[in-house]
Amino acid sequence: MPENKVKKEKKKVVKKKEKVEKKEKVQEVKQEVKPEEKVQEKKEEVKTEEAPKPEEKKIETEEEIAEEVPIPVLEEEKPVEEIVEAKVEEELSKWIPRTSLGKAVAKGEVTDINKVLDEGVKIKEFQIVDKLVPSLESELTLIGGRPGKGGGIERTALRISAKMHRSGRRYTSTAFAIVGNRDGLVGVGKGSGLESRSAIEKATEKAKLNIIKVPRGCGSWECECGQSHSIPFKTEGKGGSVRIRLLPAPKGIGLVVDDESKKVMQLAGIRDVWGRSIGDTATRINLIRATFNALKNLHKYRTSK
């Protein structure tokens, strides 16, 4: 036999042996696999093993629970006025006066703001007003706007403007505040800043610095009650293109002016007045400035106390 045929036969024999060995291995693996009967037996054994029963908890009465768990006592919520007063006191405690008037107020030598305003001393520190008039209130004028849902403009308390720089747009917000004690004192101020909070704070601080005393009386010939519910006589004011005329009104008429001017009147302590405005009254800042100027012009004439 040639050598090639011998090699081929040897290869065939080797392949047959490999096939036989593979079959034997497969049979061994099958024998090692557990039959179904053994699996079922194990399942039954697991079922027969009883799980440990949880300990039965005794049902406690409400009285026992109350004794074990103490009920926390909630503190009464403080009103907003007390919180504001506490903040003002904190700011005043950190205040270091720099003007002669501020030092006199801090020492307690000056206790009445009416004397300061009557003497014509200029207030350069807003803490002076906080110290002398703790009951001061503040409101914001709606000077801003954004597009409404059905068209038109939705008024907002802040006016946001943008300025273009190389790095992009830079936004600034502006606020216009009114302060008063509802008893003859009122002031207005405008402030702007990068954030809305800083703009509002600046506006209120400037409004405190611009505070004035408003003469009140009953100048209406229809009433003549002699009480301080209106203004003593006719007055006019101007702010930008807006002009406003205020007339004394009898008791019960109310404030016959626009909504923004009502804020100034209410914080000044005026309850009845007639008003007429001319010009571009949509610019709320000019409208409030005109109203404030009209109240300021009441000092042009002296009135009997």
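Derivation of every value follows stated rules applied to the coordinates shown; laboratory data play no part. For clarity, every value in this text was computed on a predicted model and none was experimentally measured. Cβ atoms come from the backbone with ideal geometry, glycine included; neighbour counts cover every protein chain shown.
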statement: Env charge @ THR281, Cβ radius under 14 Å, K,R +1 / D,E -1, value +4
- request: Please provide three numbers in whole Å: the alpha-carbon extents of region 144-188 along the principal axes, with the largest listed first.
  value: 49, 33, 8
query: Which percent of the Cα-Cα distances in region 178-244 go past 13 Å?
result: 72 percent
- line: The relative contact order of region 135-300, taking Cα pairs under 8 Å that sit 6 or more residues apart, comes to a percentage of 20 percent
Cleavage-rule hits, GluC sites (Glu not before Pro), region 212-294, DSSP coil, Cβ neighbours within 10 Å at most 11: GLU222, GLU224
- prompt: In a shell of Cβ-Cβ distance under 12 Å around GLN266, excluding GLN266 itself, what net charge do Lys and Arg (+1) and Asp and Glu (-1) give?
  reply: -2
- line: For region 211-305, one quarter of the surface area of the C-alpha convex hull, expressed in nm², comes to 5.6 nm²
- request: Please give the net charge around LYS163, taking every other residue with its beta carbon less than 11 angstrom from that of LYS163, where Lys and Arg add +1 and Asp and Glu add -1.
  value: +2
message: Given points 7 Å out from each Cα along the Cα-Cβ axis, report the ASP280 to THR156 separation in nanometres with one decimal.
response: 2.1 nm
- line: For region 135-300, the Cα-Cα pair-distance distribution in 5 Å bins from 0, as whole percents, is 2, 9, 17, 19, 18, 14, 9, 6, 3, 2, 1, 0, 0
